[in-house]
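Inspection log for the structure reproduced underneath, given as structure tokens.
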Amino acid sequence: MAQQQTSPDEVVLGQEAGGARVITLNRPRQLNGISDRVVYLLAQFLEKWEEDENAKLVVFKGAGRAFSAGGDLKMFYEGKSDDSCLEVVYRMYWLCYHIHTYKKTTVALVNGLVMGGGAAMVAPLKFAVVTEKTIFATPEASVGLHTDCSFSYIHSRLPGYLGEYLALTGARLNAREMISAGLATHFVSSEKLEELEKRLLNLDTGDESAVRAVIEEFSTDVQPDEDSVLNKLSTINKCFSVETVEDIIKAFESEARIDGNQWIAPVLKGLRRSSPTALKITLRSIREGRKQSLPECLKKEFRLTMNILRSVVNGDVYEGIRALSIDKDNAPKWNPASLEEVKNEDIDRVFQSFSPEQELQVPSDDSNR
């Protein structure tokens with residue numbers, strides 16, 4: 001019989017059923033946004049179960065219509081006058097490292113929105129099951145942040161320059177596209193998801209082949225639709241492989257004038273709405289990520305996040321959150337307002353290393369974790 005490990009009102013629910021363990025993100029009204037309490041409980045459960053010899057399989061899911069829409073932006077906004085977010089940011093990056101290097105078999109059941117930090121919990125797992133309701137995005141640049149929580153590592157390893165495209169434009173992928181891109185492993189109809197979960201909970205093993213066999217009983221082979229962005233990679237690679245954000249936009253604008261490329265105009269519109277500073281930080285981070293290990297990416301991203309939250313260069317992140325989540329006018333006033341006004345030395349300052357004791361302390365080799 002399944003045993004609940006937390007109060008049913010808690011923001012993360014932990015359940016034990018035989019050799020299976022279930023984590024449920026439980027803030028449905030907030031689209032399971034990741035708060036400091038969520039990070040704390042996730043880390044607690046994962047650490048406990050990794051050491052538990054009886055725990056063989058860990059299943060992640062979200063309550064309501066989202067898996068997780070990512071970080072709780074209001075939490076950052078409320079902490080803008082001090083360093084109160086330092087601890088939760090540090091814990092979140094450690095959690096990302098822990099999920100990437102977790103020693104038990106993991107499955108995500110993703111039936112709805114999965115964005116930003118929420119997507120960072122899904123992409124590294126051994127099995128990520130998505131449905132016709134799943135929507136993926138990494139839109140951080142649109143709120144003045146950068147593509148964080150290990151995504152400079154994840155995006156830089158997607159096919160071609162798809163990672164740069166997703167990070168800079170905030171474009172959404174559906175389940176079929178996630179699988180094609182390598183961001184998910186299996187497609188299961190949402191009406192079968194509950195039965196799949198029951199089967200997994202009754203599977204008293206973490207053997208990957210056994211888990212895969214159960215999932216494949218419910219899964220369907222899918223391909224992206226004909227008009228999917230995954231079928232436009234030649235154009236994306238041509239435009240998003242160039243050196244600067246300005247060059248990317250120029251190349252994309254040129255492609256938009258070609259017959260059959262009507263899909264580009266709305267994507268360009270979204271790109272132009274984002275913080276110019278955040279776009280430049282994001283592009284550089286992903287480009288560096290192509291040559292960096294996971295720990296190196298996480299350490300770099302931790303610096304970027306803290307420097308952005310500390311307004312080392314500007315307060316774009318708070319202006320973006322204000323426009324999206326506080327006043328909800330969707331009219332952020334970026335500073336500076338154009339890419340041409342962003343100074344290279346300011347971007348360098350955001351990437352500047354901390355003193356050794358202030359850096360994110362994650363092992364360079366997961367065998368030492």
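We did not get these values from a lab; they are worked out from the coordinates using the rules stated. The model shown is predicted, which means the values in this text are computed figures rather than measured ones. For neighbour counting, all protein chains shown are included, and Cβ atoms are generated from backbone atoms with ideal geometry for every residue, glycine included.
Of 236, 334, 95, which is farthest along the charge dipole of the chain in the positive direction, counting Lys and Arg as +1 and Asp and Glu as -1 at C-beta?
334
Any idea what angle helix 276-289 forms with the longest principal axis of the chain, computed on alpha-carbon atoms, 0 to 90 degrees, nearest 10?
Rounded to the nearest ten degrees, it is 60.
About the Cα centre of region 3-368, how large is the charge dipole given +1 on each Lys and Arg Cβ and -1 on each Asp and Glu Cβ? Please answer in debye to the nearest 20.
In debye, rounded to 20, region 3-368 gives about 500.
How far is the Cα center of region 25-65 from the Cα center of region 69-108, in Å?
12
In whole Hz, what ³J(HN,Hα) sequence does region 296-307 give by Karplus (6.51, -1.76, 1.60; θ = phi - 60°), x for Gly and Pro?
My calculation for region 296-307 gives 5, 4, 5, 4, 4, 5, 4, 4, 4, 4, 5, 5 Hz in order.
Out of residues 5 or more away from residue 128 or on other chains, whose amide H comes under 5 Å of its own, with H placed 1.01 Å from N in the peptide plane?
108, 185, 186
Among all the aspartates and glutamates, which ones have a C-alpha under 17 Å from residue 238's C-alpha, if same-chain residues fewer than 8 places away are not counted?
Hits, sequence-local ones excluded: 164, 246, 247, 253, 255, 259.
Going down the list 74/198; 48/291; 80/133; 48/280; 299/328; 126/300, which pairs span over 28 Å between their C-alpha atoms?
Exceeds cut-off: 74/198; 48/291; 80/133; 48/280; 299/328.
How far, in degrees from 0 to 90, does helix 264-273 lean away from the longest principal axis of the Cα atoms of the chain, to the nearest 10?
On a 0 to 90 degree scale, this one is about 80.
How much net charge surrounds residue 303 when only the other residues with a Cβ under 15 Å from the Cβ of residue 303 are counted, with Lys and Arg +1 and Asp and Glu -1?
Net charge around residue 303: -4.
Working from the pairwise distances between different alpha carbons, so that the mean of 1/r is found and then inverted, what is region 157-197's Kirkwood radius in Å?
In region 157-197 this quantity evaluates to 11.7 Å.
What ³J(HN,Hα) values, in whole Hz, does the Karplus curve 6.51 cos²θ - 1.76 cosθ + 1.60 give for region 135-142 when θ = phi - 60°, with x put for Gly and Pro?
Couplings: 9, 10, 7, 10, x, 4, 4, 6 Hz.
Please list 3J(HN,Hα) in residue order for region 114-131, calculated via the Karplus relation 6.51 cos²θ - 1.76 cosθ + 1.60 where θ = phi - 60°; whole Hz, with x for glycine and proline.
Using θ = phi - 60°, the values come out as 9, 9, x, x, x, 5, 5, 7, 9, 4, x, 6, 4, 10, 10, 9, 10, 10 Hz.
Note down the net charge around residue 139, summing +1 for each Lys or Arg and -1 for each Asp or Glu among other residues with Cβ under 12 Å from its Cβ.
That works out to 0.
Report the net charge of residues surrounding residue 117, where surrounding means a beta-carbon distance below 15 angstrom and charges are Lys +1, Arg +1, Asp -1, Glu -1.
-1
Hey, what number do you get for the chain at 222 nm if only DSSP H runs of n ≥ 4 count, each worth -39500 (n - 2.57), divided across all residues, to the nearest 500?
So the helix-based figure for the chain works out to -12500 deg cm²/dmol.
For residue 333, which aspartates and glutamates qualify as cross-link partners when the Cα separation must be under 12 Å and same-chain residues fewer than eight apart are set aside?
Here the aspartates and glutamates satisfying the reach criterion relative to residue 333 are 316, 319.
Going by the alpha-carbon gyration tensor, a ≥ b ≥ c the square roots of its eigenvalues, is region 217-369 rounded (a/c under 1.5) or, if a/c is not under 1.5, prolate (a/b greater than b/c) versus oblate?
Judged from the Cα gyration tensor, region 217-369 comes out oblate (a/c at least 1.5, b/c at or above a/b).
Between residue 247 and residue 198, with labels modelled 7 Å along Cα→Cβ, what's the label distance in nm to one decimal, could you check?
Simple spin-label model gives 5.7 nm for this pair.
Find the centroid of the Cα atoms in region 267-298 and in region 148-183, then give the distance between the two in whole Å.
12
Note the listed values (i) 61, 51, 40; (ii) 106, 55, 38; (iii) 78, 65, 52, then indicate which one is Cα extents along the principal axes in Å calculated from this particular structure.
Among (i) 61, 51, 40; (ii) 106, 55, 38; (iii) 78, 65, 52, the one derived from this structure is (i).
For each of 146, 186, count neighbouring Cβ atoms within 10 Å of the residue's Cβ, then give the residues from fewest to most.
186, 146
Assuming a ≥ b ≥ c are the square roots of the Cα gyration tensor eigenvalues, decide whether region 307-349 counts as rounded (a/c under 1.5), prolate (otherwise, with a/b larger than b/c) or oblate.
In terms of gyration-tensor shape, oblate.
Select from 254, 202, 224 the residue farthest towards the positive end of the dipole of region 127-263; place +1 on Cβ of Lys and Arg, -1 on Cβ of Asp and Glu, and compute about the Cα centre.
Value: 254.
Find the centroid of the Cα atoms in region 219-239 and in region 302-369, then give the distance between the two in whole Å.
Each part's Cα centre sits 31 Å from the other's.
Before anything else, pin down the relative contact order of region 171-286: Cα pairs under 8 Å, at least 6 apart, normalised by residue count, whole percent.
Taking the mean separation of contacting Cα pairs over the length of region 171-286, I get 21 percent.
Report, by chain and number, residues whose modeled amide H sits under 5 Å from the one on residue 62, excluding near sequence neighbours (fewer than 5 apart, same chain).
25, 111
Counting only residues 5 or more places away or on other chains, whose amide H sits under 5 Å from the amide H of residue 135 once H atoms are built in the peptide plane?
Amide H neighbours of residue 135, under 5 Å, 5+ apart: 112, 113, 114.
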